[in-house]
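Take a look at the structure below.
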Amino acid sequence: MRLAFQDFISLTVPHYCIFYLIAPITLLLFGKLTGFIPNILCMILSLCLTLMGLNVLNMIFDLDLDRINKPNRPLPTNRISTPWAFGLSAALISIGI
């Protein structure tokens, strides 16, 4: 199955990762993280990948509600199959860990 970019964005909701960027950027602005930038970047990447994987799991478990409330998402329209979404979620969480 081929995953379109828009379907990937709709499944993983990467804009939620903005919350993980606010604290490190604030600390960088005040000069508290100067020696730890590579460690912080790895942590942010890990958190974002794990969050995106959990967002996919959330959409799988809320599939019945999404069929009613958000019928244009990839899972209710069957553009993405549930087993394929489970695999994407497992891959994102595994890479994040």
Listing of helices (runs of 4 or more DSSP H) fully contained in the chain that carry 3 or more residues being touching a residue at least 60 places away in the same chain (Cβ under 8 Å):
5-12, 82-96
I'd like the residue in segment 1-20 that is at pLDDT 80 or above and surrounded by fewer than 15 Cβ atoms within 10 Å (Cβ to Cβ) and, out of all such residues, is farthest from ARG79 (Cα to Cα).
PHE19
If we keep just the residues of segment 27-66 that are open to solvent by 60 Å² or more (accessible area, probe 1.4 Å) and of a type in the set (S, T, N, Q), which is modelled with the highest pLDDT?
ASN58
Scanning segment 67-97 for residues that are open to solvent by 90 Å² or more (accessible area, probe 1.4 Å) and of a type outside the set (A, V, I, L, M, F, W, C), which turns out nearest to PHE8 (Cα to Cα)?
ARG79
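The values are calculated or read from the model by the stated rules, or taken from the named source; none is laboratory data. These figures come from a predicted structure and were not determined experimentally. Heads up, the Cβs are rebuilt from the backbone with ideal geometry, glycines too, and the neighbour counts pull from every protein chain shown. Accessible surface is based on the protein model in full, side chains and every heavy atom, while ligands, DNA and RNA are left aside. Shrake-Rupley method; radii C 1.70, N 1.55, O 1.52, S 1.80 Å.
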